[in-house]
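For reference, the structure is listed below as structure tokens.
The values are calculated or read from the model by the stated rules, or taken from the named source; none is laboratory data. Just so we're clear, the structure is a prediction, and the values are computed from it rather than from any experiment. A quick note on method: Cβ atoms are made from the backbone with ideal geometry, for glycine too, and the neighbour counts reach across all protein chains shown. Only protein heavy atoms, including side chains, enter the accessible area calculation; ligands, DNA and RNA are left aside. Shrake-Rupley method; radii C 1.70, N 1.55, O 1.52, S 1.80 Å.
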Amino acid sequence: MQNNYIRELKKTANQVRKNIITAVYYAKAGHPGGSLSAAEIFTYLYMKEMNVDPANPDDPDRDRFVLSKGHTCPGLYGVMAEKGYFDREELKTFRHVGTRLQGHPSMRLLPGIDMSTGSLGQGISCAVGMAVAGKVQKRDFRVYTLLGDGEIEEGQVWEASMFAGAKKLDNLCVIVDNNNLQIDGTLEEVNSPYPIDKKFEAFNFHVINVEDGHDFEQLAAAFAEARTIKGMPTAIICKTVKGKDVSFMENNAGWHGKAPNEEQYKIAMADLERIGEAL
Amino acid sequence: MSDVKKIATRESYGKTLVELGAKMPNLVVLDADLAGSTKTGEFQKVYPDRFFDCGIAEGNMMSIAAGLAAAGMVPFASSFAMFASGRAYEQIRNSIGYPHLNVKIGASHAGISVGEDGASHQCLEDLALMRMIPGMVVMCPADDTEARKAVKAAVEHDGPVYIRFGRSPVPVVFDEDYEFQIGKGSILREGKDVSIVANGLCVASALEAADMLAKDGIDAEVVNICTIKPLDDDLIVQTASKTGRVVTVEEHSIIGGLGGAVAECLSEKCPTKMYRIGVRDVFGESGPAGELLHRYMLDGEGVYDQVKAFIED
């Protein structure tokens, strides 16, 4: 049984994907693959999970989001536009001179961005710092950070995880977008970080495996479970499809960091239009 | 100068953190398993709930500090200068510098006066590395008084600050009524024949050298430049215009530190004959601090010899 709110989330995720393709197409550059794979994660976080308000982006009690895999900001910008942080039209300025929508997120330019990221492995540490601040300030906010599965090859991810586990940061929720592709190929071909869940467990995280990171019911269950965990941080490992819902981009590492041409743009938007209409 | 009171600037750092901790509930201190050496352990003893030992993971520590600052805290992050500025360079650049976050980096054990630990721990590049980061304030205090005042000024400043401290006790040069300001240097001794511009423990060496030069009839002006960035261009130009000869002295590579900064300033604003005293593009080595400072000609005698040679050239 599919209730209404799930249908609304699916529609939003579909619009986020259109926003991703639009932004990258108009920029003639950017990272569509890992943005598309996380469209449901972005959507669930901003539309259901997090306590955030575009009208009050500096509220000290708001939940925080750090896009540790900063290159997939078309997905973040895509959902921020839907949430009301800025107009959809602004997505067309992505990566242009003078834009607030930098190639990697800048907290100084765009209200609602909680941390400037882009250099892989650093965002999770920044999120850890925010979680520590929450504890020191005795505030109830939660901190969410999204990592790529290739990103976790960075040693700093494990320095941050060791600290988060040791300090029992239960206000921290780490999400891994496990689309199994990085620039040079599959994770196994490049430098396998598997088993990802066992690694986070070894670093004293509560680990939740989400078999289908595009299924909102599974995401809802995972985030609800994470909220109940006390005394340790949570890692949610989401299996996803890189390039999801764009026929020629799905499971294709070549679309990690490349923009579609006009013909490809039309095909991609038609793919997404068709999927959206079926909802 | 054996009768002069000597205090290591890292001691001044630890003491000032404790003092500030009482007034600032949002001040937190991070270290990377060197709290006993960097003296952040003094803060830990008094405020254990606001002290976080990140273990031996300096890069992570700097990004955590960024997150803390983004959430409204004022974090001091400490390690040895080598690992604070070197190991964690890119984290400082991208997590702290680019978003211009209010993180203070207290880096101790800088320069060859680390002594016996040798080259791997003798950071001679930190001022150059930090100076390149847009918006970063870079300071190298000369003594206990200046170090305490620099730490207090750092928390008044909104933005990233790097402060360099030393391991070895150094002579106290400044009185308590010294008015410290970020970006402002000071003339410690007026002179007309040559300007000796120094920072850190080399300020005491420069003053000692000036006394020796005076006996030879050379009237040296000694200028203290604690803040390498933003540099006090006006004071540098003023002293260069007055004496016509400028020597910089620092416990750092002659590339990119105080010597580099002064050379950049003067070549644009007041071309002046210059000589840079410092570590001349080599790594350090093991030995007692005093002997190393002598060997690398950064003590009073070494500075005197080099200034003399420069003037006579």
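Placing +1 on each Lys and Arg Cβ and -1 on each Asp and Glu Cβ, with no other charges, gives the protein assembly as shown a dipole about its Cα centre of roughly 1220 debye. Can you tell which of B:P288, B:P171, B:Q238 lies farthest toward the positive end of the dipole of chain B, using +1 and -1 charges on the Cβ of basic and acidic side chains (Lys, Arg; Asp, Glu)? Of the options given, the answer is B:Q238. When A and B come together, around 1900 square angstrom of accessible surface is lost from both chains combined, probe 1.4 Å.
Carbon and sulfur: what percent of segment B:186-312's accessible surface (1.4 Å probe)? Of all accessible area on segment B:186-312, carbon and sulfur atoms account for 51 percent. Classified by the C-alpha gyration tensor, segment B:160-280 has a rounded form. Its axis ratio a/c, with a ≥ b ≥ c, is below 1.5.
Calculate the FRET efficiency for B:D216 and B:E116 from the Cβ-Cβ distance with a Förster distance of 45 Å, rounded to the nearest 0.05. Step by step, r from the Cβ atoms, then E = 0.80.
For segment B:186-312, the relative contact order comes to 29 percent (Cα pairs under 8 Å, sequence separation of at least 6).
Give, as a single signed number, the net charge of other residues whose beta carbon lies under 13 Å from the beta carbon of B:Y98, with Lys and Arg counted +1 and Asp and Glu -1. Net charge in that neighbourhood comes out at +1. Think of each Lys and Arg Cβ as +1 and each Asp and Glu Cβ as -1; about the Cα centre, that makes the dipole of segment A:1-56 roughly 260 debye.
Partner shielding of B:19-28 amounts to 1, given as the average count of beta-carbon atoms from other chains within 10 Å of each residue beta-carbon. When the residues A:D212, B:D234, A:D63 are ordered by accessible surface, computed with a 1.4 Å probe over the protein chains alone, the sequence from largest down reads B:D234, A:D212, A:D63. Gain on full extension, evaluated as 0.36 nm per residue between B:K308 and B:K269 minus their Cα-Cα distance, stands at 11.5 nm. With a Förster radius of 30 Å, plug the Cβ-Cβ distance of A:N204 and B:D49 into 1/(1 + (r/R0)^6) and report the FRET value to the nearest 0.05. The pair A:N204/B:D49 has a calculated efficiency of 0.90.
Segment A:231-279 and segment B:202-270 have their alpha-carbon centroids 59 Å apart. Suppose a student asked you for the relative contact order of segment B:96-156, using Cα pairs under 8 Å spaced at least 6 residues apart; what percent would you report? The value is 27 percent. Here the spin labels are modelled as points 7 Å beyond Cα on the Cα-Cβ line, and at B:A22 and A:H96 they lie 5.7 nm apart.
Our compactness index for segment A:126-172, the C-alpha radius of gyration over the empirical 2.2 N^0.38 Å, is 1.17. Burial annotation for segment A:111-128: residues with an accessible-area loss of at least 20 Å² between the isolated chain and the complete set of protein chains, computed on heavy atoms with a 1.4 Å probe, are A:M115, A:S116, A:S119, A:Q122, A:S125, A:C126.
Taking every DSSP beta bridge that has both residues in chain A, what percent is antiparallel when rounded to the nearest 5? Bridges in chain A that DSSP calls antiparallel: roughly 10 percent.
Within the assembled protein chains, the solvent-accessible surface assigned to A:Y26 is about 90 Å², based on a 1.4 Å probe. Computed on chain A, the Cα convex hull volume stands at 117 Å³ per residue. The figure for A:D215 is an accessible area of roughly 50 square angstrom, using a 1.4 Å probe on the protein chains alone.
Here segment A:19-101 has 42 percent of its accessible surface on carbon and sulfur atoms, given a 1.4 Å probe and all protein chains in place.
If a/c stays under 1.5 just call it rounded; otherwise compare a/b with b/c (prolate if a/b is bigger, oblate if not). Do that for segment B:1-118, with a ≥ b ≥ c from the square roots of the Cα gyration tensor eigenvalues. Oblate, because a/c is 1.5 or more while a/b does not exceed b/c. Of all the options A:L120, A:L67, A:L109, the one that moves most in a Gaussian network model of chain A with Cα springs shorter than 10 angstrom is A:L109. Percent of Cα-Cα pairs more than 37 Å apart in chain B, please. Roughly 11 percent, once rounded to a whole number. Each Lys and Arg adds +1 at its Cβ and each Asp and Glu adds -1 at its Cβ; summed about the Cα centre, chain B shows a dipole of about 640 debye. Hey, for a label at A:K11 modelled as a point 7 Å past Cα toward Cβ, could you say which residues of segment A:77-111 have their backbone N under 15 Å away? Flagged as within label range: A:82-83. Classify segment B:85-137 as rounded, prolate or oblate from the Cα gyration tensor: take a ≥ b ≥ c as the square roots of its eigenvalues, call it rounded if a/c is under 1.5, otherwise prolate when a/b beats b/c and oblate if not. Verdict is prolate for segment B:85-137. Just want the answer: with Cβ charges of +1 for Lys and Arg and -1 for Asp and Glu, which residue in A:A278, A:M50, A:G78 is farthest toward the dipole's positive end in chain A? The residue sitting farthest along the positive end of the dipole is A:M50. For the residues A:C173, A:C73, A:C126, a GNM of chain A with alpha-carbon springs under 10 Å puts the largest fluctuation on A:C126. The local environment of B:I196, defined by Cβ-Cβ distances under 10 Å, has a net charge of +1 under the rule Lys, Arg +1 and Asp, Glu -1. Dividing the mean sequence gap of close Cα pairs (under 8 Å, 6+ apart) by how many residues chain A holds gives a relative contact order of 24 percent. Largest mean-square fluctuation among B:R295, B:R93, B:R164, in a Gaussian network model of chain B whose springs join Cα atoms under 10 Å apart, belongs to B:R295. Loop-located GluC sites (Glu not before Pro) across segment B:142-186 with a Cβ neighbour count of 13 or fewer within 10 Å are B:E176, B:E179, with loop assigned by DSSP. With Cα atoms defining each centre, segment A:119-142 and segment A:38-109 are spaced 18 Å apart in the structure. When every Cα-Cα distance of the protein assembly as shown is counted in 10 angstrom steps from zero, the calculated P(r) takes the values 4, 17, 24, 20, 15, 11, 6, 2, 0, 0 percent.
Over segment A:33-123, all Cα pairs binned in 10 Å intervals from 0 give whole-percent P(r) values of 17, 55, 27, 1, listed from short to long. Counting only protein heavy atoms and a 1.4 Å probe, the protein assembly as shown has 37 square angstrom of accessible area per residue.
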